[in-house]
Amino acid sequence: MRVGVLAVQGAFIEHMRICQELGAETFEIRCAEDLEKKFDGLILPGGESTAQSLLLHQLGMFDTLRTLIENDLPVMGTCAGMILLAQHIENEPQAHFSTLPITVVRNGYGRQLGSFTATFDVGEVLNFKARFIRAPYISQVGEGVRVLARFDGRIVAAQSGNQVAYAFHPELGDDMRLHENFLRKLV
Amino acid sequence: MSSSTSAKAATSAVAATLKEDRVSLNRELAQMLKGGVIMDVTTPEQAKIAEEAGACAVMALERIPADIRAAGGVSRMSDPAMIRGIQDAVSIPVMAKCRIGHFAEAQILQALEIDYIDESEVLSPADDTHHIDKLAFDIPFVCGAKNLGEALRRISEGATMIRTKGEPGTGDVIQAVRHMRMINKEMACIKAMREDELYTVAKELQAPVDLVRYVHHHGKLPVVNFAAGGIATPADAALMMQLGAEGVFVGSGIFKSGNPAQRANAIVQAVSNYLDAELVAKLSTNLGEAMVGINEHEIELLMAERGE
């Protein structure tokens, strides 16, 4: 089982460490050549979505990755990764991959002083301690999207087919259950 | 224990957990900036240029270090109006500088809800003995360091991100290289030591032993470490990343150069693919004039010596 982790900017090492601990092989996706490798799943990490999206275009990876996602490659997006997947961004004119039918609000909880942790159920995963860092939230979901978690009345995790998106950072802390779920789908 | 004391103890236990959480969240914001470039900007227009060029954060300040150096005099925190203007212009994190030890300036920056405070030697120090007690704040702090002792002292005061001091506003990377190599060498040394030798090391470094122990076990700092000071070209950025920086600050290097937008973007791409020499060669081509710069021995004011 091989997981490609987008590694142009952000907290990609944290995702790789957890996947490796769970027995998966990982590699960094930094340039177009890396996409020639075969892989079973893709992780879009936290970071700055504007910087990541620009680099995806400039390094010639954007179209290939979008096609792979459209063709059912399992993908997990966290925070900035969720923004990359979203079909609409409420407070920005331009969406990115636009493959997941959700609308997100970027920096939905404000600046760093608004960052927080909270514990709630994420689908079948009970009592997950989630870390929100300048996080977005989901304001609307389209048809066929399953809401996995709500906190304080807002949707913070959703899934549709091969795509799962978290507004928070399952790659931080030592709870690996959401990664476990993701890797299970790759087998 | 009376019921009121136990209630008090419970409340302070909650407060302690929250504080711990806040420190973690602040360290984690720095983790999200990794592999990115943080750019000095002085106007909302420059902030937009930086964001569009792929900056992962901007540092709002009134004058870039090269101009502070040229102007001389006392250099202070920026006007809140200018900081607000930059906060409104971009969606990426906005950082701002306060003087070393000037906790009232830090309180103002916290009130402005800045995303990260840089307690910076680039400004005139306000206290020649004490740094800010950063644990007293909810807002995160980044601090400069020339060596491991300084880095660990700043972390013990509550800094949740470290950067090399380098020598700001010079366009000369030599000091950032020296500081990064020094910190890495000292960490490698501590990693190789026996557990019972760490107490003396802590004494010598004038740093808490629990932080020295962390370095011994992990071979790295407990917070993210960026390169800063004198970085002016994509090659400088690639050099610092290969030396172990987890990202870079670019101060005067961008807006003192001939073509800021192009240079800014070239440095962003170089940081994301710092091992790809062919790409960095392409990025370095026809970039226009780099900032003129000053050599180390021509400098009259060594900012890196401020605040040990």
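The values are calculated or read from the model by the stated rules, or taken from the named source; none is laboratory data. This is a predicted model, so every value here is computed, not measured. Here Cβ is always computed from backbone atoms with ideal geometry, including for glycine, and neighbour counts include all displayed protein chains. These area figures cover heavy atoms from the full protein model, side chains too; ligands, DNA and RNA do not enter into them. Shrake-Rupley method; radii C 1.70, N 1.55, O 1.52, S 1.80 Å.
Scanning segment B:283-308 for residues that are buried (at least 16 other Cβ atoms within 10 Å of the Cβ), under 17 Å from the mean Cα position of the chain (by Cα) and not in a loop (DSSP other than H, G, I, E, B) returns B:MET303, B:ALA304. Per the listing B:ALA202, B:ALA232, B:ALA207, the residue uniquely within 24 Å of B:PRO65 (Cβ to Cβ), more than 14 Å from chain A (Cβ to nearest Cβ) and of a type in the set (Gly, Ala, Ser) is B:ALA232.
Within segment A:161-169, is there a residue that is over 23 Å from B:MET32 (Cα atoms) and buried (at least 16 other Cβ atoms within 10 Å of the Cβ)? Yes - at least one qualifying residue is present in segment A:161-169. For the structure I just gave you, tell me whether A:GLU28 is part of a helix (DSSP H, G or I), more than 9 Å from chain B (Cβ to nearest Cβ) and acidic (Asp, Glu). The answer is no for A:GLU28. Just one of (1) touching a helix residue (DSSP H, G or I) at 6+ places or on another chain (Cβ under 6 Å); (2) more than 30 Å from B:GLY253 (Cα to Cα); (3) open to solvent by 10 Å² or more (accessible area, probe 1.4 Å) fails for B:GLU186. It is (2). Considering segment B:59-102, the residues that are over 18 Å from B:ASP127 (Cα atoms) and basic (Lys, Arg) include one that is least open to solvent (accessible area, probe 1.4 Å), namely B:ARG69.
Can you confirm whether B:ALA111 is open to solvent by 10 Å² or more (accessible area, probe 1.4 Å), without any contact (Cβ under 8 Å) to a residue 24 or more places away in the chain, within 13 Å of chain A (Cβ to nearest Cβ) and not acidic (Asp, Glu)? When the stated conditions are applied, B:ALA111 passes them. Considered as a group, the residues in segment B:255-282 that are more than 12 Å from chain A (Cβ to nearest Cβ) and in a loop (DSSP other than H, G, I, E, B) include one that is most open to solvent (accessible area, probe 1.4 Å), and that residue is B:LYS256.
Exactly one residue among B:GLU150, B:GLU51, B:GLU105 is within 23 Å of B:ALA176 (Cα to Cα), surrounded by 21 or more Cβ atoms within 10 Å (Cβ to Cβ) and modelled with pLDDT of 95 or more, and that residue is B:GLU150.
The residues of segment A:84-110 that are closer than 19 Å to A:ARG146 by Cβ and part of a helix (DSSP H, G or I) amount to a single one, A:LEU85.
Restricted to segment A:24-42, and to residues there that are in contact (Cβ under 8 Å) with a residue 60 or more places away in the chain and under 13 Å from A:HIS179 (Cα atoms), the residue that is surrounded by the fewest Cβ atoms within 10 Å (Cβ to Cβ) is A:ALA24. Only a single item in (1) within 14 Å of another protein chain (Cβ to nearest Cβ); (2) farther than 17 Å from B:ILE117 by Cβ; (3) open to solvent by 60 Å² or more (accessible area, probe 1.4 Å); (4) at pLDDT 95 or above is not met by B:VAL14, and it is number (4). The number of residues in segment A:114-124 that are within 13 Å of another protein chain (Cβ to nearest Cβ), surrounded by 18 or more Cβ atoms within 10 Å (Cβ to Cβ) and not in a loop (DSSP other than H, G, I, E, B) comes to 2. Pairing each residue of segment B:130-150 that is under 20 Å from B:VAL209 (Cβ atoms) with any residue that is modelled with pLDDT under 95 and outside any loop (DSSP other than H, G, I, E, B), provided the two are 6+ apart or on different chains, yields C-beta distances under 8 Å for B:LEU135/B:LYS19.
Of the residues making up segment A:47-83, those that are under 18 Å from A:ILE155 (Cβ atoms) and part of a loop (DSSP other than H, G, I, E, B) number 1. Being out of contact with any strand residue (DSSP E or B) (no Cβ under 7 Å at 6 or more places or on another chain), free of Cβ contacts under 8 Å to residues at least 24 places away in the same chain and more than 9 Å from chain B (Cβ to nearest Cβ) is the filter here, so list the residues in segment A:63-95 that pass it. Within segment A:63-95, A:ASP63, A:THR67, A:ASN71, A:PRO93, A:GLN94 meet the criteria. Among the conditions (1) surrounded by fewer than 18 Cβ atoms within 10 Å (Cβ to Cβ); (2) of a type in the set (Val, Ile, Thr); (3) within 14 Å of chain A (Cβ to nearest Cβ), the only one that B:VAL142 does not satisfy is (1).
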